[in-house]
Amino acid sequence: MSVWLRLAPVVLLGLVIAALVWRLANPEDPTIRSRLAGKPVPEFVLPAAVPNKPALASTDLAKGEPRLLNVFASWCVPCIAEARVLDELKRRGAAIDAIAIRDRPEDVAHFLATYGDPFERIGADDNSRVQLALGSSGVPESFVVDGRGVISYQHVGPIEPGDVPAILAELEKAK
Amino acid sequence: MIAETGLAALWLAAALSLLQLLLSVGELRGAIDAGRPIRSIAIIQGALTLIAMAMLLLLFVRTDLSVALVAANSHSAKPFIYKLAGAWGNHEGSMLLWVTVLALAGAVLALATRRLSHRTLVVALGAQAALALGFYAFLLLASNPFARLDPAPLEGRGLNPLLQDPGLAFHPPTLYLGYVGLSVAFSLAVGALLTGDVDRALGRAMRPWVLGAWVLLTLGITAGSYWAYYELGWGGWWFWDPVENASLMPWLAATALLHSVNVLAARGALRAWTMMLAMIAFSMSMVGTFLVRSGILTSVHSFAVDPQRGTFILALLGLYVGAAFVLFALRTRKLKEGPPFELVSRESALVVNNLLLTVILGIVFFGTLYPLFVEALSGDKLSVGPPYFNTVAGPLALLLAALVAVGPLLAWRKERRQVFKPLAVPALIAASALVISLVAAPQIGWLPRLGLVVAAWLAPASLLPLVVRNPWRTPLATWGMAVAHLGVAVAIAGMASDAAFTKEKLAAVRPGETLSVGPWLVRFHSLAPAVGPNWTAIEAELRASRGAGVRVLKPQTRYFTDPVTETNEAAIATMPGGQLYTVIGQPDGEGRWQLRLWWKPFVALIWLGGVLIAVGGLLALIGRAVRARARARPSRGTNSWRRERYG
């Protein structure tokens, strides 16, 4: 066996390790590029989820100013953690509407009273029709909608404190 | 106190492994005779890690939430068995299990090895200590399983519900035992290369470890495949997922090593190659652990991604494997050539076996890492899926399986007899299978058809080594080989049948409606809620019939609360002719539910084959151990009383 053949495993190992080090240094980008980004919000008219708050229709999302649309549910545990962050977003100027999925008015009211209520309008989507039309597979999920009713950004999963600057930037961009 | 005891045991074990390494270096340099102390140290080190592992298990059983690991992975309401499984169903615990098995393997190596050159054993124990030392450092410095939480939380976070399954509770430990069993082969190879004693005695010392590790890997992969089949609810049994590949690669290397180490033990040939394979087999185990633990490749196995931990394991991997490969490059020139053999001989057949297995290993390895290379060099994202693996590795695997029929019939060194005559019967059976499949099922693909033919050829041929002599006087190891090779045929038959004959139906139906799949009529009878210890579920009742009799199946969608997750529990009816596999999916909001039905003829043969392969390996292991004992007995002078008793 020649020296080169005997050293081949070492060389191969070096290549593999280089590739793995590269991956560790450049983790995969987990953001999902929504297929709905750039598309108008599907048309819908939803009844109010709680008696003391206005209902939500797709036309409410096309009134000139960008808005954040949050898909949530009172039975969803990550939504509880997210509520705090949504309050923070509202304090920093974001206009937020919501769709409550498969929920009951009293549960939603309890959720808002306990964890905070940053929402201007909340629609009740009792059979997930609008959720499916939005291409949302779970709760919570959020969409940035520009003033013309076009979705510009989709965030899957709870918005975490670290995501606040990115969401505000997306809202700014959608103006 | 329990956690502190465990941590102290772990520190002591780490210190002993350092001492073990130093002693072995001293022995290698000829400065000291470390034979006796190093054996004792290896045994005590193994015992200490066992104490640490026992402490961790105890903490999980008692749900001591002041320990961070318990709080993050357990829950007081969890069933007992999953509390135990929770101890290794997480990063820190699984690394502790890994190092425990590594140290115990070292202890058994020190206790049970006879008839190996004294120096090689001492140096191999040093290599084993060096391996363990790196993982102790990893545990103690970067992932302490005994870290406390202050204040302690009121309730733990639970275990991923997908993992709450009896099969899966024991899947990781089985694979780990297999992975780490290969570490001994690695250490023995390193020891033998350093001392230069690559000989038949080394082959015989290495063989039981390779066999044992290989049996466990086979069982682990078979169990993992069945788990994925019934728990994920996708109806498939192998997805070429990176983490699945991570367990397949060590198995392929161990299968090749298992065969080449036989050549080394029996004939003293294939020396350099067997050493290389021993190193590759454990390297693949480390690569597997790295891929799983770092979460580096996207996979259904959604473990936590932690680049820091990944870096640590990668550094260990580079250090150990790199050092071993360099050692190989420097030392192999000095190895003597083994005895020669002719073109038609058992040795040649095993060389072909090794070549094919190595090429398949290369294909899987390349396919698993290819997306990474492409993205690193060009930035393009792509994934390598089943079509690549099936079409590239499939035919080679079938070629290998076809040759398995021939190899065991050949004699060592040279074959002059007419050994191919008995193969006429299997050839006839295979030809009939081909004709029948062409007539009865002309529409199936060429790969499944080839699979059916190869299975029909190999199944009878695998038994020939028993038939050509008196089967009752055949050594147990030969029985083991025949059973394992039969298992290969059985598994291939299952895979081919599943690929060729599966019928699938997906539809949204209301209770009361009926679907047909294959020969079955399945009525969606009713829907009801169900409750378990820590989940609630929607359960469908399906009534399936084909002609006479009704079978009731109850697939579920389970909702877990801690953490919030939804899983599909498939309901599977197993019959001699196949499996009816049913999954209930989402409702559409108008009273209809998604039902997914499969009729899979003979699919269970896949796992039956896997179990047969493992049983074959076990028989061979027992057979070899009994023989080694029988051979060792007369040489010992002390047991003369026994000779008197037996006359």
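Just want the ordering: A:ILE96, A:ILE80, from fewest to most Cβ atoms lying within 10 Å of their own Cβ.
A:ILE80, A:ILE96
Using just the alpha carbons, could you tell me how many Å³ per residue the convex hull of the protein assembly as shown encloses?
Normalising the Cα hull of the protein assembly as shown by residue number yields 204 Å³.
Averaged over its residues, how many other protein chain Cβ atoms are within 10 Å of peptide A:4-17's Cβ atoms?
Averaged over the peptide's residues, the number is 5.
What lysines could a cross-link reach from A:LYS175, if we take a straight Cα to Cα line under 24 Å and drop same-chain neighbours fewer than 8 places away?
A:LYS39, A:LYS63, A:LYS90
Residue farthest toward the positive end of the dipole of the stretch B:436-534, with Cβ of Lys/Arg at +1 and Asp/Glu at -1: which of B:LEU521, B:LEU486, B:VAL439?
Final value for the positive-end residue is B:LEU486.
Hey, which lysines would be in cross-link range of B:LYS600, C-alpha to C-alpha under 17 Å, not counting anything within fewer than 8 residues on its own chain?
Straight-distance partners of B:LYS600: B:LYS503, B:LYS505.
Calculate how large, on average over all directions, the projected area of the Cα convex hull of chain B is; give the answer in nm² to one decimal.
Working: hull surface 138.6 nm².
For chain B, averaging the hull's shadow over all directions gives 34.6 nm².
What average number of partner chain Cβ atoms lie no more than 10 Å from the Cβ of the residues making up B:313-324?
Across the residues of B:313-324, the mean count of other-chain Cβ atoms within 10 Å is 3.
Hey, can you grab everything whose amide H is under 5 Å from the amide H of B:VAL67? Only 5+ residues off in sequence or another chain; H modelled, so Pro and N-termini drop out.
Result for B:VAL67 returns B:LEU149.
Apply the a/c threshold of 1.5 to the C-alpha gyration tensor of the stretch B:485-581 and tell me whether it is rounded, prolate or oblate.
Cα axes put the stretch B:485-581 in the oblate bin.
Under the classification rounded if a/c is under 1.5, otherwise prolate if a/b is larger than b/c and oblate if not, where does the stretch A:57-128 fall, given a ≥ b ≥ c as square roots of the Cα gyration tensor eigenvalues?
oblate
Taking a cut-off of 12 Å between Cα atoms, list the aspartates and glutamates near B:LYS414, but don't count ones fewer than 8 places away on the same chain.
Those aspartates and glutamates meeting the cut-off are B:GLU342, B:GLU347.
Seen from all sides and averaged, what is the projected area of the convex hull of the Cα atoms in the stretch B:17-152, in nm²? It would help to have the intermediate numbers written out before the result.
Details: hull surface 35.1 nm².
Directional mean of the projected Cα hull area for the stretch B:17-152 stands at 8.8 nm².
Starting with the fewest neighbours, write out B:LEU542, B:LEU277, B:LEU194, B:LEU621 ranked by other beta-carbon atoms found within 10 Å of each beta-carbon.
Listing B:LEU542, B:LEU277, B:LEU194, B:LEU621 from fewest to most nearby Cβ atoms yields B:LEU194, B:LEU621, B:LEU542, B:LEU277.
Tell me, Kirkwood radius of the stretch B:395-527 from alpha-carbon pair distances, in Å?
That comes to 17.3 Å for the stretch B:395-527.
To make sure I understand, if each residue's beta carbon is the centre and we count other beta carbons within 10 Å, what order do A:ASP125, A:ASP60 fall in, fewest to most?
A:ASP60, A:ASP125
Give me the dipole magnitude in Debye, nearest 20, for the protein assembly as shown about the Cα centre, with unit charges on the beta carbon: positive for Lys and Arg, negative for Asp and Glu.
The dipole of the protein assembly as shown has a size of about 4740 debye.
Would you please classify the overall shape of the stretch B:326-419 from the alpha carbon gyration tensor, given that a ≥ b ≥ c denote the square roots of the eigenvalues, rounded means a/c under 1.5, and beyond that prolate means a/b larger than b/c while oblate covers the rest? Please list the in-between numbers first.
Values: a/c = 6.05, a/b = 1.60, b/c = 3.78.
Verdict is oblate for the stretch B:326-419.
Between the stretch B:418-452 and the stretch B:1-16, how far is it from one alpha carbon centroid to the other, in angstrom?
Each part reduced to its Cα centre gives a spacing of 60 Å.
HN-Hα J couplings of the stretch B:136-143 from phi, Karplus 6.51/-1.76/1.60, θ = phi - 60°, integer Hz, Gly and Pro as x?
4, 4, 4, 5, 6, 8, 10, 8
Charges only on Cβ, +1 for Lys and Arg, -1 for Asp and Glu: so what's the dipole of the stretch B:1-155 about the Cα centre, in debye to the nearest 20?
Here the stretch B:1-155 has a charge dipole of around 580 debye.
With an 8 Å cut-off on Cα pairs and a minimum separation of 6 or more residues, tell me the relative contact order of the stretch B:532-626 in percent. If you can, show how the numbers build up before the last one.
Numbers: 138 pairs, mean separation 15.8, N = 95.
Over the stretch B:532-626, the number comes to 17 percent.
Could you go through the stretch A:11-24 in sequence order and give the Karplus-derived ³J(HN,Hα) for each residue, using 6.51 cos²θ - 1.76 cosθ + 1.60 with θ = phi - 60°, rounded to whole Hz, and x for Gly and Pro?
Listing the rounded values in order: 5, 4, 4, x, 4, 4, 5, 4, 5, 5, 5, 4, 5, 5 Hz.
Restricting to Cα pairs below 8 Å that are 6+ residues apart, what does the relative contact order work out to for chain B? Please round to a whole percent.
11
Return the sequence-ordered ³J(HN,Hα) values of the stretch B:89-99 in whole Hz as given by the Karplus equation 6.51 cos²θ - 1.76 cosθ + 1.60 applied to θ = phi - 60°, using x for Gly and Pro.
After applying 6.51 cos²θ - 1.76 cosθ + 1.60, I find x, 8, 4, 4, x, 6, 6, 5, 4, 4, 6 Hz.
Each value in this text was obtained by applying a stated rule to the coordinates, not by laboratory testing. Computed from a prediction, not measured in an experiment: that's the story for all the values here. Because the Cβ atoms are built from the backbone with ideal geometry, glycine has one as well, and the counts that use them run over all protein chains shown.
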